[in-house]
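J.: One structure coming up, written as structure tokens, with questions to follow.
The values are calculated or read from the model by the stated rules, or taken from the named source; none is laboratory data. Treat the numbers as computed from the prediction; the structure is a model and nothing was measured. Backbone-built Cβ (ideal geometry, glycine too); neighbour counts: all protein chains shown. In case anyone asks, the SASA skips ligands and DNA or RNA and just uses the protein heavy atoms, side chains included. Shrake-Rupley method; radii C 1.70, N 1.55, O 1.52, S 1.80 Å.
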Amino acid sequence: MEMSDAWPKDVLSSPGGSTRKACDPPQVTLRSRLQHQRARIHQQINKEMLMRTGAENLFRATTNHKVRETVALELSIVNSNLQLLKEELEELNSNVGVYQTESSEAVNVPMIPLGLKETKELDFSLPLKDFICRHYGEEASQYEAEIKELNELRQAMRTPSRNEAGLELLIEYYNQLYFLEQRFFHPGNMLAVQFHWYDSLTGVPSSQRALAFEKGSVLFNVGALYTQIGTRQNRSSAQGIANAIDAFQCAAGAFSYLKENFSNAPSLDMSGASLGMLVRLMLAQVQECVFERVLLLVLEDGDFPSHLQVAQEAARQVSDMYWLAVQTMQQAPVKDYVPFSWATLAQVKNEHFRALSHYYAGLALCSYAHSTEWDDGLGERMLQQLHSSKPSGPPLGMVLRDPEERRRLGKAHLRRAVIRHEEAMRIHGLCRVLRKMDILQEVLASVHKRSLSAYSQIDREDDFCQTAEAPDIHPKTQHKPDVKTPDFSKVRVTDLFQRLGPLSVFSARNQWCPQRRIRLVRSDSGLGLTLRGDSPVLVAGVVPGGNASEAGLCEGDYIVAVNGADCKWAKHVEVVQALKACSDGGVELGIVTMLSPKTLKQVQRSVFLSPCGIDESAVHLRNPTPSKGGSPTSLLTWTRKKGGAGGGVSKRLSSAFSLSFGAPRDAEAL
């Protein structure tokens, strides 16, 4: 569902705003209980599978007749238990009624929503505190508020509410993961955090330390939540249909983006085959909503062209796209993964909408025989565009002028409608889960009765001519579904750990010596250094033998504090003014020195590591001449496919030693 630009400010910018309230408490969330039941059943299935494997091995190994009889009995019991567990799991996965609209006025064919992936609770406190102390060399206790805020955000996003506020909550956390990755995650310096997620259908647990696994799972939940929002719309009104179309298109966009940008997924629900199936299923549901919107207009107009339009719309990507979804569901490995009720419902809808296409074609021919639209060749052209092939019998011009021929062609379409409806009801009866859906059964029975009644009204006892076979309806749609990639930039967030300093310098991929404090005293010749840049200010040059050089400053150092006041985010002019205002006793500076890869290796070989980082005795090994290096870090880095597009927060980081210092006037000698 496309989000409005006019969001409340506390939702957009404040990490601790009202978005935290957009979640359902875990103890009362039906979705959470369903997922826990899935995990429990899957553990029992694994246990039974291990028992069956052991029994089969024993059956093949032993030659004792009595042992073989006992093992065979145990195998039959295990297989029976497995069948019962799989049926129970199938029923949980097919529990789509929880997500349907609560409106009593809407009588529509149920949609297929997707359950959210569940995740275990996670506490970032110890890993982040250890990293802050070890990597950044700062007191970790100063960042307890930020860590608490992050923990609360992740806890809240586990059970988002089924509305736009829940979507904002997921997107806010997804955007915050960008900053978290830059601050704390680096391929050569992994954070000791395990992310545990369950498969959305089977409940199979997966765990990884890669933050990209967390990103992909959250993105999957964004798409799944869109399916739930689309399913609960009241599709008896034009606005409800429009909302459902938008939601299903965004769901297809989320799954498509995940499929195109990630590979080697740790769970089946995020595999390429499953995501491709979900995209087709969502687009089919979009086309179904388009048909319902066109049908609303027909109920208002009710003329001959409108009925033909509905006939072609029903035959177009409603029926055809459900058929494509069915074909995808019947291919390995999706075939053994997708719930049987999903595949059956897609087949039912394929037959159902194919029947509706013939029903409205027959209704147009039989009920509007004297329409003025049939004059001057317009009706003939419309009928030519209606059929995929030329119907048998006289030319269409003669059919239009002869009421009996129109009746016979309309009767042929109604006959095919009745046959298709009966086939839909037969397929529906094969699935025990679908038989429990009262709304679906009511819709199928109602449309079958309507088609049968229309066929009986034009059928004559003295009609001994064999009913001709009606040709297929040519597919045509008024709205081609779009795949809308979620726009994560519409939910703006601020870096929770921005007090650590600008990401261009203070990130997980950069290494530097611990902060050291020096006292700089002004002399008649000045301080003996040149500054450049903002946030943080860089020591661009040091006068040999000057005060700054004697104090230990080198070219490439960063000034992060002046007289105890943090200035990591300070502008160039602010630091210059603070240095110029120093007293006779001098000014105390907090300095950090970036380590080049070569210098870093020397430090690691030459010094002991203290609990909070590199020992200050290694400061003399720093490289006074910074070397350019590094590469931009993209947002998505979980086995990204080549050529994949980025998304979410689009900000990129330059190398630590290629900061943009602006015009030459920004450099100032002191």
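J.: Cβ-Cβ under 6 Å, sequence separation 6+ or interchain: first residue in the stretch 413-433 and in contact (Cβ under 8 Å) with a residue 12 or more places away in the chain and assigned to a helix (DSSP H, G or I), partner open to solvent by 10 Å² or more (accessible area, probe 1.4 Å) and aromatic (F, W, Y). Which pairs?
T.: L414/Y455; A417/Y359; V418/Y455
J.: Looking only at the stretch 494-515, count how many residues are more than 14 Å from K568 (Cα to Cα) and either in a strand (DSSP E or B) or modelled with pLDDT under 90 (or both). It would help to see each step written out before you state the result.
T.: From the stretch 494-515, those more than 14 Å from K568 (Cα to Cα) are 494-496, 508-514; that's our starting set.
Okay, now just the ones that are also either in a strand (DSSP E or B) or modelled with pLDDT under 90 (or both), so 508-514.
Within the stretch 494-515, residues that are more than 14 Å from K568 (Cα to Cα) and either in a strand (DSSP E or B) or modelled with pLDDT under 90 (or both) number 7.
J.: Shifting gears a bit: Picking from S236, S271, which residue would you name as being more than 18 Å from Y322 (Cα to Cα), surrounded by fewer than 24 Cβ atoms within 10 Å (Cβ to Cβ), small (G, A, S) and touching an Asp or Glu at 6+ places or on another chain (Cβ under 6 Å)? Give the derivation first.
T.: Numbers: S271 fails: touching an Asp or Glu at 6+ places or on another chain (Cβ under 6 Å).
Of the residues listed, the single one that is more than 18 Å from Y322 (Cα to Cα), surrounded by fewer than 24 Cβ atoms within 10 Å (Cβ to Cβ), small (G, A, S) and touching an Asp or Glu at 6+ places or on another chain (Cβ under 6 Å) is S236.
J.: Something else: For the subset of the stretch 146-181 comprising residues that are hydroxyl-bearing (S, T, Y) and touching a strand residue (DSSP E or B) at 6+ places or on another chain (Cβ under 8 Å), which member is nearest to V491 (Cα to Cα)? Show your work before the answer.
T.: Step one: of the stretch 146-181, the residues hydroxyl-bearing (S, T, Y) are 159, 161, 173-174, 178.
If we keep only those that are touching a strand residue (DSSP E or B) at 6+ places or on another chain (Cβ under 8 Å) too, we end up with 159, 161.
Values: T159: 18, S161: 16 Å.
Residue satisfying both the conditions and the ranking: S161.
J.: Another question about this same structure. Check P305 against each of (1) over 30 Å from H196 (Cβ atoms); (2) at pLDDT 95 or above and name the one condition it does not meet.
T.: (2)
J.: Any idea how many residues of the stretch 160-184 are over 17 Å from the mean Cα position of the chain (by Cα) and open to solvent by 20 Å² or more (accessible area, probe 1.4 Å)?
T.: Step one: of the stretch 160-184, the residues over 17 Å from the mean Cα position of the chain (by Cα) are 179-184.
This time we only want the ones that are open to solvent by 20 Å² or more (accessible area, probe 1.4 Å), so: 179.
Number satisfying all stated conditions: 1.
J.: I'd like the full set of residues that are part of a loop (DSSP other than H, G, I, E, B), over 30 Å from L386 (Cβ atoms), open to solvent by 10 Å² or more (accessible area, probe 1.4 Å) and of a type outside the set (K, R), limited to the stretch 468-493.
T.: First, pick out the residues of the stretch 468-493 that are part of a loop (DSSP other than H, G, I, E, B): 468-472, 474-487, 491-493.
Then keep just the ones that are over 30 Å from L386 (Cβ atoms); that gives 484-487, 491-493.
With the extra rule that they be open to solvent by 10 Å² or more (accessible area, probe 1.4 Å), the set shrinks to 484-487, 492-493.
Of everything in the stretch 468-493, those that are part of a loop (DSSP other than H, G, I, E, B), over 30 Å from L386 (Cβ atoms), open to solvent by 10 Å² or more (accessible area, probe 1.4 Å) and of a type outside the set (K, R) turn out to be T485, P486, D487, V493.
J.: Test E118 against the criterion of being modelled with pLDDT under 85, under 30 Å from H186 (Cα atoms) and either open to solvent by less than 80 Å² (accessible area, probe 1.4 Å) or out of contact with any Pro (no Cβ under 7 Å at 6 or more places or on another chain) (or both), and give yes or no. Walk me through how you get there before you give the answer.
T.: On the way: modelled with pLDDT under 85: yes; under 30 Å from H186 (Cα atoms): yes; either open to solvent by less than 80 Å² (accessible area, probe 1.4 Å) or out of contact with any Pro (no Cβ under 7 Å at 6 or more places or on another chain) (or both): yes.
When the stated conditions are applied, E118 passes them.
J.: Is there a residue in the stretch 67-90 that is at pLDDT below 85, of a type outside the set (V, I, T) and within 30 Å of F291 (Cβ to Cβ)?
T.: Yes, the stretch 67-90 contains at least one residue that is at pLDDT below 85, of a type outside the set (V, I, T) and within 30 Å of F291 (Cβ to Cβ).
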